[in-house]
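The values are calculated or read from the model by the stated rules, or taken from the named source; none is laboratory data. Only a predicted model underlies this, so the values are computations on that prediction, with no experimental measurement involved. Glycine also receives a Cβ, built like all others from the backbone with ideal geometry; neighbour counts cover every protein chain displayed. Each accessible area value is taken on the protein alone, full model and side chains, heavy atoms only, with ligands, DNA and RNA left out. Shrake-Rupley method; radii C 1.70, N 1.55, O 1.52, S 1.80 Å.
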Amino acid sequence: MRRLLAVVSVLLVLYATAPPAAAAPIDTWAYQPATHQLVGGNGTLPFSIQGGATWYAPDGTAAIQFTTAPSLATSTGTGFYAPGTADFTYQAVMSMDRLRSRSTPNVFQLGLYNGPQIKLQLSQTGVPTCVLHGTGGRIKLTSATPSLNDGGRQHTFACWRTGGTVGVTVDGVTTSKVFALGNVTPTGHATAGNRSSTGGAADQLFGKIWQLSVSIG
């Protein structure tokens with residue numbers, strides 16, 4: 001009996017100290033040529049697409065390719081998923097086909113400059129940057145990777161927060177900083193490829209998007 005109680009006690013301690021399971025991604029939206037949308041697999045609403053054309057890789061994988069401004073994908077519904085105080089990752093599988101002079105192409109954006117914001121952007125030389133704005137302030141993180149202006153190669157580009165650290169990860173290369181970002185509650189629709197349906201060429205991603213994904217928690 002004593003041995004049984006000891007085993008139960010050990011199991012209770014292990015259960016109490018075990019870390020919580022990681023939250024599942026909210027969704028991954030992939031480009032579907034048949035509907036000309038970015039469509040999720042978890043029953044979330046799709047992204048509608050303005051402009052753009054279907055592009056196929058040699059293996060048959062499809063992406064939406066933006067060649068003119070404004071062209072973009074916009075989340076449908078009344079809003080989009082904001083992290084609040086939780087950990088998060090917002091990620092795009094994308095490429096840059098060409099870089100317009102003096103432009104800062106939008107890859108993904110939720111929220112506007114004058115409020116809470118999560119933004120995946122490319123610099124004027126094509127280097128990935130994350131712009132994050134919460135109640136703790138605004139921070140801009142520049143990736144240690146080279147310019148993505150490389151003739152259309154596919155890249156995975158993510159902006160994230162884990163605890164008190166924020167970061168940008170591109171193709172597995174991470175640049176991070178300790179920063180108390182606070183509560184991040186952007187409102188409105190998420191966009192990919194440009195900041196809005198009236199955005200100009202300076203904000204346009206002249207390239208491709210295969211997937212967008214969001215994880216919160």
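A few points about this structure:
- Within region 27-149, DSSP assigns beta bridges of which about 95% are antiparallel (rounded to the nearest 5).
- Working note: 222 nm ellipticity from helices only, DSSP H runs with n ≥ 4, each -39,500 (n - 2.57), summed and divided by the residues of the chain, gives -2500 deg cm²/dmol to the nearest 500.
- For region 51-151, the list of chymotrypsin sites (Phe, Trp or Tyr not before Pro) that fall in a loop by DSSP and count at most 11 other C-beta atoms within 10 angstrom reads Y113.
- Translational diffusion coefficient (Stokes-Einstein; Kirkwood radius from C-alpha pairs) of the chain at 20 °C, 1.002 mPa s, in µm²/s: 118
- On a per residue basis, region 74-191 carries 43 Å² of accessible surface, using protein heavy atoms and a 1.4 Å probe.
- Each other residue within a Cβ distance under 12 Å of V166 adds +1 if Lys or Arg and -1 if Asp or Glu, for a net charge of +3.
- Mean Cα-pair separation over length for region 158-217, i.e. relative contact order, pairs under 8 Å, 6 or more apart, %: 17
- Cα gyration tensor, region 48-143 - rounded (a/c under 1.5), prolate or oblate: prolate
- Element breakdown for the chain at a 1.4 angstrom probe: carbon and sulfur atoms account for 57% of the accessible area.
- Förster radius 22 Å - calculated FRET efficiency between T85 and T35, Cβ distance, rounded to 0.05: 0.05
- Separation between Cα centres of region 22-65 and region 147-217, rounded to whole Å: 16
- Mean separation of Cα contacts under 8 Å, 6 or more apart, over the residue count of the chain: relative contact order %: 29
- Convex hull of Cα atoms in region 115-217, direction-averaged projection (nm²): 6.9
- In degrees, nearest ten, helix 2-17 long axis to first principal axis of the chain (Cα): 30
- Residue-span extension gain [Y113 to D59] - 0.36 nm each, minus C-alpha spacing: 15.6 nm
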